[in-house]
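Worksheet: the structure to be examined is printed underneath.
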Amino acid sequence: MYLCLFMKDVVYQIKDWIIATVDFFYPAFNKVMDKQTFRYAACGGANTLFDITMFTIMHNYILYKQVVHIGTLAISPHIAAFLFTFPISFISGYFLMRYVVFPEAATTRKRVQMSKYLSVVFVCILLNYGFLKLFVEVLGWWPLPAKIATTFFVVAFSYFSQKKFAFRVN
């Protein structure tokens, strides 16, 4: 019980630190975008960089660019790297969106909000999968540039979906 309370305090201290750090840089951008959009860009950008870094490490140094065989199923290395790293970036992204970008939505029930967030993310998974397949296997791009280009398309969809659907305040 005490450990749970301690961890909750630590999480809220981290949240406060992230908000203070992001908001410190906001005055340089206040003429270009509102604070919420800036927080989304900062948190989303950091989480995206985290995701791309994990993807690169997984693809190049853990999977060694090799096809992953699970029973009779063969998964291409760029798709396997995405599948392994996605759950981590999903969780970090959810908490950043809930507590840093859309804090006014933190009063919404977590289960409802997580379900909406998960549905947006599911569409993002499909977009990631489709764009990676298109760029790597159809257009012949290298996996890393394909992942970066895919990210730009998915981020635009994600922002508007999260703002208008997942974290909308009634």
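The values are calculated or read from the model by the stated rules, or taken from the named source; none is laboratory data. Quick caveat: nothing in here was measured; it's all calculated off a predicted structure. No Cβ is skipped: glycine too gets one built from the backbone with ideal geometry, and neighbour counts run over all protein chains shown.
Per-structure values
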item	result
Condition broken by Gly45, with the remaining ones in (1) under 12 Å from the mean Cα position of the chain (by Cα); (2) surrounded by fewer than 16 Cβ atoms within 10 Å (Cβ to Cβ); (3) in contact (Cβ under 8 Å) with a residue 40 or more places away in the chain satisfied	(3)
Condition met for Ala80 (of a type outside the set (Val, Ile, Thr) and part of a helix (DSSP H, G or I))	yes
Residues satisfying the stated conditions in region 117-143, i.e. out of contact with any His (no Cβ under 8 Å at 6 or more places or on another chain) and of a type in the set (A, V, I, L, M)	Leu118, Val120, Val121, Val123, Ile125, Leu126, Leu127, Leu134, Val138, Leu139
Sole residue being touching a residue at least 40 places away in the same chain (Cβ under 8 Å), exposed (fewer than 14 other Cβ atoms within 10 Å of the Cβ) and on the phi < 0 side of the Ramachandran plot, chosen from Ser119, Ser76	Ser119
Test for Tyr129: is it touching a residue at least 24 places away in the same chain (Cβ under 8 Å) and more than 26 Å from Val11 (Cβ to Cβ)	yes
Identity of the residue in region 98-116, in a helix (DSSP H, G or I) and either among the charged types (D, E, K, R) or at pLDDT 90 or above (or both), that ends up surrounded by the most Cβ atoms within 10 Å (Cβ to Cβ)	Val101
Answer residue from region 1-34, given it is surrounded by 13 or more Cβ atoms within 10 Å (Cβ to Cβ) and more than 19 Å from the chain's Cα centre (by Cα) and is nearest to Phe90 (Cα to Cα) among those	Asp23
Qualifying residue in region 37-47 (condition: among the small types (Gly, Ala, Ser) and out of contact with any helix residue (DSSP H, G or I) (no Cβ under 9 Å at 6 or more places or on another chain))	no
Where Asn170 falls short, out of the listed (1) assigned to a helix (DSSP H, G or I); (2) at pLDDT below 90	(1)
